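The values are calculated or read from the model by the stated rules, or taken from the named source; none is laboratory data. Just so you know, these numbers come straight off a predicted model, no measurement behind them. Please note: Cβ atoms are built from the backbone with ideal geometry, for glycine as well, and neighbour counts cover all protein chains shown. Areas reflect the complete protein model, heavy atoms only, side chains present, ligands, DNA and RNA absent. Shrake-Rupley method; radii C 1.70, N 1.55, O 1.52, S 1.80 Å.
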Amino acid sequence: MDSEHWRAVVTAAQAGDRRALDELVAGWLPLVYNIVGRALNGHADVDDVVQETMLRAVGNLGSLRDPDSFRSWLVAIAMRQIRDRARRKTPDRLEEAPASDFADLTVLRLQLEGQRREVAEAVRWLDDEDRQLLSLWWLEVAGELTRRELAAAVGITRQHAAVRVQRMKERLETSRGIVRALDGACPGLRELTGRWDGRPDSVWRKRLARHIRGCGYCGGTRETVVPAERLLAGIALVPLPVGFTLSLAFGGKTAVAATSAGWSAKLLGALTKPAVAVTAGATIVAGSAYVVTQPPDAPPSRAAIAPTATATSEPPRTSAPPAPTPRSSPSATKKTDPYGTVVDAVDRAPDPDTPPAALPRRPESGITSTGGPKAVMQHRGDRVTLTGRGYVLVRWQISPGSRPGALVMPSWTGLKGRLFHVASGGSRRMDDPLPGAPNGYATGMGGPGIGYAVLPPGTQQMWQNEYFYLDGTVTLTQNERGCDYGLTVFPTNRDAVVEDIGQGPPQGAIRYGLVRDTGTDSAPVPQYVTREAPADPATVPQRSRV
């Protein structure tokens, strides 16, 4: 995450900026949820511990002296709440079965297979202390935490942390062997587990590990075992589950009690105002309650998943010949319904110093979004439904540094009414050169040091900001399958579009924006749009005919 950005957000939130506080909670709640969920393996107390962690973080935000240390400070709070929960609970309460097994949730939501699935399921066999450490180490190897932050959260030195992590990894590898053996067909293992109730614990871990060490069938590895850290590197955070609710309404505290407990007056005022923010299909709604509203799609069939393209060593072309016009269906070419007859073909980038044409005026009554004013879609299956008459901004963030390859485009489904692609902006096309860009990026599409995002043939090169006009209702779905990317969707208005696309090189932009709207039904229709509602939105064809 951008340290300069979050430093500014933390500072603004400490000063009482409600929007900054919304962004802070929305941005960091998934990290806390993953730490707590994995440490407790989905126990029924996960929601309570996450809630208490965020309450304490928001309530004590004013005491944080260094905004740059917010992440390590927040993680330390989460680990303290996990340990406090263990001290408060009786042994019989701690041994209750998870409300939602976090290993299953990890496999399902992140579509893990093979040895990655094996590692996720092996977590069940770890003791509480190892699972707590694993919840941090998993995020360390995935690039979400540093070793210094891991050690600080556990309250030990980095040298001691290295020893603890190594021992935990050894027990994790033993647990992986158990998962692998249980998937096999060893007669001796079936006989041994005849008395087992199916619940992983340390006693059965030792029994099964002893059997595996002495069994030629179970101990014989039929494939190369990849180290866990290589398997976990780059795996995304598990999205918040549907129905997850986080209330920041003080749990019934009065304003006086909250103030006396250390809540700053500015933060108290910010929290008592209605707020809305979104991340990965979850919403902070009026009264500061964080509720996941967007259920993910069911796992797609393997046949429907697009293969990942091999990263190329050459940057994407900044221009391409026009895509051939696909054959249209009879309903799309009826003279009585001219809408949707214009295909949005691949185009050349305009000269950087060419200001955009005037943007035609279309009627505006406003757009409502199931994702609120800012829907952040970072995972495959995240979606937002838009309704009304007005403008919508879709902002792109492509991350080939995390995972390069074929980019599976988002799609517009269930369209009722009309949808146009009216303008492109954001001060640059995503394939524009980025002089001095960090981390191996040559353009927004990647670079030779990290690989590239590769568009499907004939796909329009996106700009940082893409603007659409909707008169009706439609659902936009994030279909990430190959290259890593994210979308942020904002209902907006014509004035904001004009202001964005009018920013050019004199104001520090790479290029002016581009107007695509003709003001009539001949305006381009977005690619990957349909009036149907397919089970897998990633199967929507590229042709722009509705």
>> Can you pull out every residue in the range 354-398 that is of a type in the set (Asp, Glu) and at pLDDT 95 or above?
In response: GLU364
> Checking ARG116 against (1) at pLDDT 90 or above; (2) of a type in the set (Lys, Arg); (3) surrounded by 15 or more Cβ atoms within 10 Å (Cβ to Cβ), which test does it fail?
Replying inline: (1)
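One residue is enough: does the range 455-471 have a residue meeting the conditions closer than 19 Å to THR341 by Cα, of a type outside the set (S, T, N, Q) and open to solvent by 30 Å² or more (accessible area, probe 1.4 Å)?
yes
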>> Here is a list: GLY486, GLY458. Which entry is on the phi > 0 side of the Ramachandran plot, out of contact with any helix residue (DSSP H, G or I) (no Cβ under 6 Å at 6 or more places or on another chain) and of a type in the set (Gly, Ala, Ser)?
In response: GLY458
> Of the residues that sit in the range 482-510 and are open to solvent by less than 30 Å² (accessible area, probe 1.4 Å) and hydroxyl-bearing (Ser, Thr, Tyr), which one is nearest to the chain's Cα centre (by Cα)?
Replying inline: TYR485
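Quickly run through the range 535-546 and pick out the residues that are open to solvent by less than 60 Å² (accessible area, probe 1.4 Å) and part of a helix (DSSP H, G or I).
Once the filter is applied, which keeps residues that are open to solvent by less than 60 Å² (accessible area, probe 1.4 Å) and part of a helix (DSSP H, G or I), the range 535-546 yields PRO537, ALA538.
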> Can you tell me which residues in the range 183-227 are more than 18 Å from ARG117 (Cα to Cα), outside any helix (DSSP H, G or I) and open to solvent by less than 40 Å² (accessible area, probe 1.4 Å)?
Replying inline: CYS186, CYS215, GLY220
> If we keep just the residues of the range 425-441 that are surrounded by 20 or more Cβ atoms within 10 Å (Cβ to Cβ) and among the small types (Gly, Ala, Ser), which is modelled with the highest pLDDT?
Replying inline: GLY425
>> Just to be sure I understand the filter: pairs with C-beta atoms under 6 Å, separated by 6 or more residues or on different chains, first member in the range 369-385 and in contact (Cβ under 8 Å) with a residue 24 or more places away in the chain and among the β-branched types (Val, Ile, Thr), second member in a loop (DSSP other than H, G, I, E, B) and open to solvent by 20 Å² or more (accessible area, probe 1.4 Å). Which pairs pass?
In response: VAL384/THR370; THR385/THR370
> With respect to the numbered conditions (1) more than 27 Å from the chain's Cα centre (by Cα); (2) crowded, with 21+ Cβ neighbours inside 10 Å; (3) polar (S, T, N, Q), which one is the sole condition not fulfilled by SER522?
Replying inline: (2)
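Determine whether ARG71 is closer than 20 Å to LEU150 by Cβ, out of contact with any Pro (no Cβ under 7 Å at 6 or more places or on another chain), open to solvent by 20 Å² or more (accessible area, probe 1.4 Å) and in contact (Cβ under 8 Å) with a residue 12 or more places away in the chain.
Numbers: closer than 20 Å to LEU150 by Cβ: yes; out of contact with any Pro (no Cβ under 7 Å at 6 or more places or on another chain): yes; open to solvent by 20 Å² or more (accessible area, probe 1.4 Å): yes; in contact (Cβ under 8 Å) with a residue 12 or more places away in the chain: yes.
Spelling it out, ARG71 is indeed closer than 20 Å to LEU150 by Cβ, out of contact with any Pro (no Cβ under 7 Å at 6 or more places or on another chain), open to solvent by 20 Å² or more (accessible area, probe 1.4 Å) and in contact (Cβ under 8 Å) with a residue 12 or more places away in the chain.
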>> Name the single residue that is farthest from the chain's Cα centre (by Cα) among those in the range 354-381 being assigned to a strand (DSSP E or B) and within 13 Å of THR477 (Cβ to Cβ).
In response: ALA375
> If you check ARG389 against the conditions, is it touching a residue at least 12 places away in the same chain (Cβ under 8 Å), assigned to a strand (DSSP E or B), farther than 20 Å from GLY519 by Cα and open to solvent by 30 Å² or more (accessible area, probe 1.4 Å)?
Replying inline: no
> In the range 145-182, how many residues are among the polar types (S, T, N, Q) and either on the phi > 0 side of the Ramachandran plot or surrounded by 15 or more Cβ atoms within 10 Å (Cβ to Cβ) (or both)?
Replying inline: 2
>> Among the residues of the range 7-29, are any among the polar types (S, T, N, Q) and either in a loop (DSSP other than H, G, I, E, B) or closer than 17 Å to ALA152 by Cβ (or both)?
In response: no
> GLN159: over 23 Å from VAL226 (Cα atoms), part of a helix (DSSP H, G or I) and out of contact with any helix residue (DSSP H, G or I) (no Cβ under 6 Å at 6 or more places or on another chain), yes or no?
Replying inline: yes
